[in-house]
Amino acid sequence: MSRIAAGNTPRSSSTDPSTSLRSAASSAPATSRSASVASSAPGTTSKAGAAAVVIPDAAKAHTKDGAKAFVKFYWETVLKLDAAPEDGVLETLSATDCRSCVQQASSVHRLVADKAHAEIVGAKSFDFKVRADSVPDSVIVTFEQRSSGGQRVSADGKKSALAALNRQVTSRADWSGTGWKLGASGADDH
């Protein structure tokens with residue numbers, strides 16, 4: 001829930017990244033710094049630079065269902081990074097030209113630099129669907145994202161409130177030739 005990690009900074013004003021975002025897809029792999037995030041789902045470790053991220057096997061398939069599983073994994077990872085920030089993780093999962101991904105990674109970096117984290121209440125992403133206008137190498141996935149709010153906790157223990165979320169998210173997964181990368185994302189609040 002990158003808005004939470006970003007201190008409630010909106011990522012985008014549109015949930016329709018279809019044509020314009022599809023044309024901005026990049027197949028170049030991102031570079032990153034040392035970090036690791038483990039998933040509870042089975043998978044293998046993928047390395048980009050020094051970073052290691054365990055991507056579930058279902059999220060590696062070069063299919064629309066594989067893209068949907070990848071998008072779900074990406075957003076589960078964002079939520080984990082809110083609670084336990086690590087630099088370099090999101091860069092291994094996103095295209096270098098994905099503006100929303102860069103914003104999310106910057107938000108995580110700020111949490112790391114500030115020695116802070118976010119405590120999110122009732123966060124969930126659900127109802128993941130592949131849009132019919134998706135093409136095999138550029139798959140658009142929509143889903144709902146909710147939380148009851150939470151707090152940003154600074155290194156000295158000070159807490160600041162984070163607003164509740166209720167939004168429709170659209171993300172685009174692009175096949176890089178060796179795996180999926182998040183190519184773009186946008187959200188509209190309900």
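What follows is calculated from the coordinates using simple rules that are stated; it is not laboratory data. Keep in mind the model is a prediction, meaning the values are calculated, not measured. A quick note on method: Cβ atoms are made from the backbone with ideal geometry, for glycine too, and the neighbour counts reach across all protein chains shown.
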request  = For the pairs LYS64/LYS181; LYS72/LYS159; LYS72/LYS115, note any where the Cα-Cα span goes beyond 18 Å.
outcome  = LYS72/LYS159; LYS72/LYS115
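Cα convex hull of the stretch 107-190: how many Å³ per residue? Intermediate values should be presented prior to the final figure.
On the way: hull volume 9.2 nm³, N = 84.
That works out to 109 Å³ per residue.
Packing-wise, with mean Cβ within 10 Å as the measure, how do 140-150, 167-177 rank, highest first?
Numbers: 140-150: 20.0, 167-177: 22.0.
Highest to lowest by the protection proxy: 167-177, 140-150.
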key: Fully extended contour minus Cα-Cα distance, from ARG131 to SER148, at 0.36 nm per residue   = 3.4 nm
